[in-house]
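The values are calculated or read from the model by the stated rules, or taken from the named source; none is laboratory data. All values derive from a computational prediction rather than experimental measurement. Positions of Cβ are backbone-derived with ideal geometry, glycine not excepted, and every protein chain shown enters the neighbour counts.
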Amino acid sequence: MITEVYEKLGESVKDIDGARMEDNKFCVSVHYRNVAEDDYKKVFHRVTAVLEGYPCLRLTHGRKVFEVRPVIDWNKGKAVEFLLESLGLSESEDVLPIYVGDDRTDEDAFKVLKASNRGFGILVSSIPKESDAFYSLRDPAEVMEFLRMLAAWKEQST
């Protein structure tokens, strides 16, 4: 069904300059970051029109992105929990989960890590904002630098 909706949404927004589709396997994202501001509502109306035929799907909003996902109790925080459990790492003492995100939809993952006190959320944002992330970095370049430093530290400690 996600593939079908992806195709219908792609067809629906293909004439809107800057609209970009992303198939995330379990959900579909319609990015409008590069769409003219006058066309934001057009993107929204086209997405909601397609979804009228799919009552088992819901629409969530991120930062200039609409995400279409199944109507189930699922979010990025539950995905983090699921991955740690599936990989047998949820109780591991030698694993430090780090979640890096730049969107409202990442807050659920930050909350899970904060509540369990077993990892760190990192918000990527050029402006200060309220978040459950433990740290923040300004942009993807800072994320890359952080990851390089982390890898170098790990290399030295082994």
Selection status of residue 60, among the polar types (S, T, N, Q), within 16 Å of the chain's Cα centre (by Cα) and assigned by TED's automatic domain parsing to the domain that holds residue 19: yes
Any chance residue 29 is over 16 Å from the mean Cα position of the chain (by Cα), small (Gly, Ala, Ser) and surrounded by 14 or more Cβ atoms within 10 Å (Cβ to Cβ): no
Of residues in segment 90-106 being of a type outside the set (Val, Ile, Thr) and touching a helix residue (DSSP H, G or I) at 6+ places or on another chain (Cβ under 8 Å), the one nearest to residue 127 (Cα to Cα): 101
Segment 116-132 - residue that is more than 18 Å from residue 92 (Cα to Cα) and among the hydrophobic types (A, V, I, L, M, F, W, C) and, of those, surrounded by the most Cβ atoms within 10 Å (Cβ to Cβ): 123
Single residue of 131, 116, 125, 136 found to be closer than 19 Å to residue 78 by Cβ and at pLDDT 95 or above: 131
Tally, over segment 51-70, of residues that are part of a loop (DSSP other than H, G, I, E, B), surrounded by fewer than 14 Cβ atoms within 10 Å (Cβ to Cβ) and of a type outside the set (Lys, Arg): 4
Residues of segment 1-43 classified as touching a Leu at 6+ places or on another chain (Cβ under 9 Å) and not in a loop (DSSP other than H, G, I, E, B), total: 6
